[in-house]
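The values are calculated or read from the model by the stated rules, or taken from the named source; none is laboratory data. Here the structure is a predicted model, which means the values were calculated and not measured. Here the Cβ is made from the backbone with ideal geometry for all residues, glycine too, and neighbour counts use every protein chain on show.
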Amino acid sequence: MRILFLNDTFPGRYGTLAACFAANPENEVLFASSYCRQGFSLPGVRRVLLKNTRERGQGNGSDAFEQGWGRALKVGKLTFSSLRKLRETDFTPDMVLSSSAKGHALFFRRVFPEAFLVTYLDDSFSSSSAVDRYSDKMLLHHFMQSASLTQSQAFFVFCEGQKKYFPSFMRNAIEVVPVSVDTDFFSATRAGPFYHEGVNLSAMPELVSFSVTSRKSAQDTALWSLVMALLVHRPQCHVVLSCCGAETRAQLETVASRLCGKEASRLHVMGFLPLREYRDLLCASTVHVRLETADVREGELLEIMSCETLLLTPHQDGTAGLLRHGENMFICPPSDPEERYRCISDLLERPEILGVLRANARKTALAFRRQDILPRHVTRLITAYRQWKNKNLCSAF
């Protein structure tokens with residue numbers, strides 16, 4: 001079978017899946033992307049670098065939707081040009097796998113009308129976007145998602161909660177990618193020391209890290225009360241606030257700038273981290289705190305647990321089979337910062353209990369090892385392809 005991946009980056013989210021397909025010598029796997037990690041390759045996976053659009057200033061009086069749609073059209077047309085040249089080399093894919101983001105697959109049917117298309121939901125549909133679902137930016141993502149749906153034979157999301165972004169009559173036709181984690185990568189044995197502004201945070205006796213997923217969370221007084229309690233009452237404790245997005249980071253830095261003295265020197269605010277650095281941060285952390293509960297992705301929780309880091313989070317709906325309080329993680333008190341501080345402080349004072357919890361967290365993650373679970377997803381895709389090919393499934397094409 002000939003399989004083509006279309007994505008903004010290589011290896012990105014789909015590199016492991018491409019490698020899984022390529023493990024079968026009967027498959028020919030090609031990965032086309034606009035960007036790639038320098039010096040990185042996957043066994044059995046051929047690479048194609050797509051033509052890339054260059055940004056020429058921002059705005060020109062247009063709104064966010066118009067700007068984003070213009071970029072998507074450029075990406076789609078440049079990808080179309082690259083794919084047409086690919087077809088001239090006699091490469092015709094049986095199956096194409098793509099994200100609904102960026103616009104790479106917008107015009108691919110003009111080149112490969114006979115291919116079986118599998119689309120995965122854009123990563124932008126997350127808890128941080130839920131509060132602003134009808135902004136220009138989010139409406140663009142919905143528009144791109146619709147364009148992908150009308151061309152796809154199969155459509156996948158990454159957690160059950162993401163189905164709410166679709167009309168109710170469509171949800172039964174949308175499947176969820178089985179939750180998994182790359183336990184080989186997210187492993188303390190693979191991690192290096194984590195530095196921030198020249199400070200080796202891996203060497204600190206206590207490091208408590210926080211995921212801050214939205215600007216609203218960055219302003220939460222409960223978050224800052226907990227952070228201050230750790231800094232004031234535990235003089236050896238360093239605290240990391242990790243976030244995505246310039247606005248969220250700016251909000252965190254604004255509040256952090258009001259601190260002074262020794263407490264300020266032990267508070268570290270950082271934005272988006274490359275995957276390796278994120279892994280190293282998790283492995284350096286004694287405890288990782290995730291206070292948000294909206295649209296939680298089990299895969300993110302498993303990454304934390306796979307690093308043998310104690311996860312502290314409120315009750316998370318839909319994770320009953322994964323999170324077990326007092327066994328492989330701790331459910332923190334609902335809203336009281338003092339109770340949350342006492343919970344973390346008590347755990348830090350009991351290293352033997354902490355060690356058991358962290359070991360159990362790793363054991364839990366190993367049950368969701370991506371290298372074991374992804375082959376099942378590949379089997380599902382191949383089955384769907386064969387059913388479609390044999391006309392057992394209705395297709396619009």
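Could you check region 176-218 and list, in sequence order, the residues that are more than 29 Å from Asp372 (Cβ to Cβ), surrounded by fewer than 16 Cβ atoms within 10 Å (Cβ to Cβ) and among the hydrophobic types (A, V, I, L, M, F, W, C)?
Correct list: Val199, Ala203.
Which members of region 79-105 meet the condition of being part of a helix (DSSP H, G or I) and free of Cβ contacts under 8 Å to residues at least 40 places away in the same chain?
Of everything in region 79-105, those that are part of a helix (DSSP H, G or I) and free of Cβ contacts under 8 Å to residues at least 40 places away in the same chain turn out to be Phe80, Ser81, Arg84, Lys85, Arg87, Glu88.
Among the residues in region 368-375, are any in a loop (DSSP other than H, G, I, E, B), in contact with a strand residue (DSSP E or B) (Cβ under 9 Å, 6 or more places away or on another chain) and surrounded by 13 or more Cβ atoms within 10 Å (Cβ to Cβ)?
Yes; the residues of region 368-375 include at least one that is in a loop (DSSP other than H, G, I, E, B), in contact with a strand residue (DSSP E or B) (Cβ under 9 Å, 6 or more places away or on another chain) and surrounded by 13 or more Cβ atoms within 10 Å (Cβ to Cβ).
Contact list please: Cβ distance under 6 Å, first residue in region 207-218 and closer than 14 Å to Glu253 by Cα, second residue assigned to a helix (DSSP H, G or I), pairs at least six apart or on different chains.
Listed pairs, sorted by first residue: Val212/Ala218; Ser214/Ser128; Arg215/Glu247; Arg215/Thr248; Arg215/Gln251; Ala218/Thr248; Ala218/Gln251; Ala218/Leu252.
Name every residue in region 146-183 that is outside any helix (DSSP H, G or I) and of a type in the set (Ser, Thr, Tyr), in order of residue number.
Thr150, Ser152, Ser180, Thr183
If a residue has to be over 17 Å from Thr313 (Cα atoms), out of contact with any Lys or Arg (no Cβ under 7 Å at 6 or more places or on another chain) and small (Gly, Ala, Ser) to count, how many in region 260-300 make the cut?
So the answer is 4.
Exactly one condition in (1) touching a residue at least 24 places away in the same chain (Cβ under 8 Å); (2) over 20 Å from the mean Cα position of the chain (by Cα) is false for Arg350; which is it?
Failing condition for Arg350: (1).
For residues that are in contact with a Cys (Cβ under 7 Å, 6 or more places away or on another chain) and among the aliphatic types (A, V, I, L, M), tally how many sit in region 337-378.
Qualifying residue count for the region: 2.
Looking at region 219-247 only, could you name the residues that are surrounded by 20 or more Cβ atoms within 10 Å (Cβ to Cβ) and free of Cβ contacts under 8 Å to residues at least 40 places away in the same chain?
Leu231, His238, Val239, Leu241, Ser242, Cys243 - these are the residues of region 219-247 that are surrounded by 20 or more Cβ atoms within 10 Å (Cβ to Cβ) and free of Cβ contacts under 8 Å to residues at least 40 places away in the same chain.
Has region 147-168 got at least one residue that is aromatic (Phe, Trp, Tyr) and surrounded by fewer than 17 Cβ atoms within 10 Å (Cβ to Cβ)?
no
Please work out which residue is modelled with the highest pLDDT, limiting yourself to region 13-34 and to residues that are closer than 24 Å to Glu300 by Cα and among the aromatic types (Phe, Trp, Tyr).
Checked region 13-34; the qualifying residue modelled with the highest pLDDT is Phe21.
With respect to Asp182, determine if the residue is of a type in the set (Asp, Glu) and touching a Ser or Thr at 6+ places or on another chain (Cβ under 7 Å).
Yes, satisfied.
Taking the criterion of being in contact with a strand residue (DSSP E or B) (Cβ under 7 Å, 6 or more places away or on another chain), over 25 Å from Arg342 (Cβ atoms) and not acidic (Asp, Glu), would at least one residue in region 228-244 satisfy it?
Yes, some residue in region 228-244 is in contact with a strand residue (DSSP E or B) (Cβ under 7 Å, 6 or more places away or on another chain), over 25 Å from Arg342 (Cβ atoms) and not acidic (Asp, Glu).
Working only within region 175-194, note down all residues that are without any contact (Cβ under 8 Å) to a residue 60 or more places away in the chain and touching a Cys at 6+ places or on another chain (Cβ under 8 Å).
Val176
Is region 24-47 home to any residue that is within 30 Å of Lys137 (Cα to Cα) and assigned to a helix (DSSP H, G or I)?
no
Scan region 121-152 residue by residue and report those that are over 19 Å from Gly68 (Cα atoms), at pLDDT 75 or above and touching a Ser or Thr at 6+ places or on another chain (Cβ under 6 Å).
If the condition is that a residue be over 19 Å from Gly68 (Cα atoms), at pLDDT 75 or above and touching a Ser or Thr at 6+ places or on another chain (Cβ under 6 Å), then Ser152 is the only one that fits.
Spot the failing condition for Gly299; the list is (1) surrounded by fewer than 23 Cβ atoms within 10 Å (Cβ to Cβ); (2) free of Cβ contacts under 8 Å to residues at least 60 places away in the same chain; (3) not hydrophobic (A, V, I, L, M, F, W, C), and only one is missed.
The one condition Gly299 does not meet is (2).
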